[in-house]
Each structure stands twice: as C-alpha cells, then as structure tokens.
Amino acid sequence: MQRSGVEITCEICGRNVSSPSYYRVDGRKMILCKVCAKRGGFQKVKTKQRKKEVPRSTSSQMKTKSQKVTKKRRHRRYTQERKHPVRNVGKKIRAARLHANLTKKELARTIKEKVSYLSKIEKGEMTPSMDVIAKIEGHLGINLTETPKAEVSKTSWGKEEELTVGDVVQIRGKKKENQQ
C-alpha cells in the first residue's frame, strides 16, 4: 500500500505491507507484516477513525498570533532534530576561532556562553547543544552540523534496502530456528 507515494514496509523485516497493521512492540507502536506479527505474538493496537470535520463559525476560524508562532516553532524543532554535530566538533571550533584571531573569552562573550563551557567543548569533554552550535556557526561562518544519511545494507533475502529493526536486533523466533 502506498500513502502519498511512500511505500509502507514492515519495521522489523522490511517487507512491503499491503494494509498497515499497528502492533505494540516493547511499548512502541509499529507497523508489522502478518508474518512478523504472528512470530512475535505482539499485541495489536486499535487505530482511531478520523472524525469528519464540522464547519466552524468564522470567528473561531481566525487564528491568533500565538497559534501561528507555535506551529513555526514545532517545525523548526523538527528540522533541528534531523541534524547532528559533525565529528571532532571541538577541534573545528578551535581551529576556526584561532583563524579568526579570537580568544576563548571573546568568542564566549559574543555567543553569550561561559568560557568554561566553550573550553570543555573545544577539549571534546562536552558536546554542544544545537542552539550553541547555531550561534558558533553564525559567528565564525563555519558548518558544524550534518544530516545523517540512512544506512543501506543487504537484507537477509539479498535486497539492498534501508536497515530495519529486524536487521539490527536478533528476534526470538529467528534465534530458535537457528538453534535447531
């Protein structure tokens, strides 16, 4: 089954799923194929039917400024979560700071952070938050974030696809089959 051009696959084995079925796996709601659902004996989750929207009056249709800002913030937070710091972020910050002829104290003052915090970041003792990385990137003009790429591997039946939970975790049913 496809939803808006995206194939739905089993989150354990990676098979295409014609109609998505949601199951509770270790407290998390996941889409599973019938084979994995039977093998694991997982609890099926009931999905709620969407209610038809009732037309609202014109006064309730007007959005306040705070509602619009909240939506923008949610989107910004989502895009920040997809990025993560590059390797050796401390060394890159130190090199860029020295190239700009700035002391730790001057850089800390301009980005409004403590000197000790900046020192720990440069030594590699701490990883900076995404907010601090954004401040440093803006001030020093360097890129300290990268978007993670999905890992592609060969699945158990030979296709090259993205990794699934079943590729990483050893499933109880498979373990029993291998022992016999």
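A short reminder: the numbers here are calculations on the coordinates, not readings from a lab. Note that this is a predicted model, so its numbers are computed, not measured. Cβ atoms come from the backbone with ideal geometry, glycine included; neighbour counts cover every protein chain shown.
In this rough spin-label picture, where each label sits 7 Å from Cα along the Cβ direction, the residue 6-residue 146 distance is 2.5 nm.
By other beta-carbon atoms within 10 Å, ranking 125, 113 with the fewest at the front produces 125, 113. Computed with the Debye formula from one identical point scatterer per Cα of the range 93-143, without solvent, the log10 of I(q)/I(0) at q = 0.21, 0.27 Å⁻¹ comes to -0.66, -1.18.
Residues whose amide H comes within less than 5 Å of that of residue 145, counting only those at least five positions distant or on another chain, are 86 (H built at 1.01 Å from N in the peptide plane). A full extension of the chain between residue 119 and residue 45 corresponds to an added length of 21.8 nm, given 0.36 nm per residue minus the alpha carbon distance.
Relative contact order of the range 93-143: 38 percent, from C-alpha pairs under 8 Å at least 6 residues apart in sequence.
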